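No value in this document is a laboratory result; all are computed from the given coordinates. It should be emphasised that the depicted structure is a prediction, and the values quoted were computed from it without experimental measurement. No Cβ is skipped: glycine too gets one built from the backbone with ideal geometry, and neighbour counts run over all protein chains shown.
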Amino acid sequence: DTKTPSLHGAYAGIFNIGAAVSTRTIRREGGFIAAHYNSLTAENQMKFEEIHPEENRYDFAAADEIAEFAEKHGMALRGHTLVWHNQTPDWVFEEKDGSPASREKVLERLRDHAGTVMGRYKGRISAWDVVNEAIEDKSGAYLRETKWLETVGEDYLEQAFRIAHEIDPSAQLFYNDYNETDPAKRDKIHRLVRSLLDAGTPVHGIGMQGHWNLYGPPIEEIREAIELYASLGVRLHITELDISAFRFDDRRTDLLAPTNEMEELLTRRYEEIFRLFREYRSAIDSVTFWGAADSGTWLDGFPVRGRLNWPLPFDRELKPKPAFWSILDQA
Ligand SMILES: Oc1ccccc1CN[C@@H]1C=C[C@@H](O)[C@H](O)[C@H]1O
């Protein structure tokens, strides 16, 4: 519809407004996506298992379709993600006989994967989530016990960023994580990026996923995280923003639509969050929603299979919610 003002247009010159998409959503609602977003992230179709399912087979069809759609509409493109413990095939970490692969073998495979994928989109993908979710949530633990850590060792992050920078020196290289405003995890992320920078590692940004909910994290906690990460001198992207109607441990399944109170809370949350983002616009270059509208949210079914959720500024019929107007009113 023509009467709804463009979300990215309202933030022109402030920061990019992005959405996580798939070939299915750009085919189904490409016009809507181009109207409101000027940055795209492939929700799944640029992940290791999708693009490089077997050692000698790459499949770029879906990733190419998303990249071409972004270019056609003059949108920025974020690459997600090269090194992650999820959605990565087991073969990466194994010898032919299934035994753990050596450090050299895994690094060689990483060089091949990053070289092929980043090489293909060189100059087209301006920011890469080089490493996703390397920090352990559990208190007292630091690096997540992943196959990357087990096979390559403690320096796998430094290696990944150095490899990525060699392949595409023009790309901004990000460390991306969730629960990134929790004070304990925030301090571990800070320690990690601080140590990478101190070693001269080419880390250009921190991706704050922003998987939040109606009840938290408190806006002051988000502010403290933004301040701490920005103090490292890196750029900030909000990479996967959505506001769940439920706390993470709330497994209720009785709702088929948000209550009026939930709708009101969503409006107030987006209003305060975008007010904060605008306050820190000098540090924030991009804000990406994890889905273009409620019709495409991963929270339908996570963490509770089969449960609906309504976390985004546009509803399941792509109509702007009151939350959309509260985001716009600040611009
Ligand atoms: O919010 C979480 C809770 C537990 C584990 C992971 C996450 C977030 N994990 C994100 C979510 C969806 C995926 O599509 C993204 O690639 C991933 O970065």
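Here are a few things to note about the model shown:
- Debye, to nearest 20: dipole size of the chain, +1 on Lys, Arg Cβ, -1 on Asp, Glu Cβ: 620 debye
- Values of log10 I(q)/I(0), in the order q = 0.11, 0.18 Å⁻¹, for the range 200-292 under a Debye, Cα-only, solvent-free model: -0.36, -0.85
- Inter-label distance for ALA61 and GLN87, nm, one decimal - labels placed 7 Å from Cα along Cα-to-Cβ: 1.8 nm
- Maximal additional length on extending the GLU145-MET262 stretch stands at 38.4 nm, based on 0.36 nm per residue less the C-alpha distance.
- The value for the chain of Rg(Cα) / (2.2 N^0.38 Å) is 0.97.
- Taking 17 Å as the straight-line reach from the Cα of LYS147, the lysines in range (excluding those fewer than 8 positions away in the same chain) are LYS47, LYS96, LYS105.
- Dividing the summed -39500 (n - 2.57) terms of all DSSP H runs of n ≥ 4 by the residue count of the chain sets its mean residue ellipticity at 222 nm at -12000 deg cm²/dmol.
- Net lengthening on full extension, VAL304/SER6 (0.36 nm per residue, minus Cα-Cα): 104.0 nm
- Gain on full stretching of the segment that runs from ARG223 to ARG194 - 0.36 nm per residue minus C-alpha separation: 8.5 nm
- Principal axis dimensions, the range 1-140 - Cα atoms, whole angstrom, descending: 60, 40, 25
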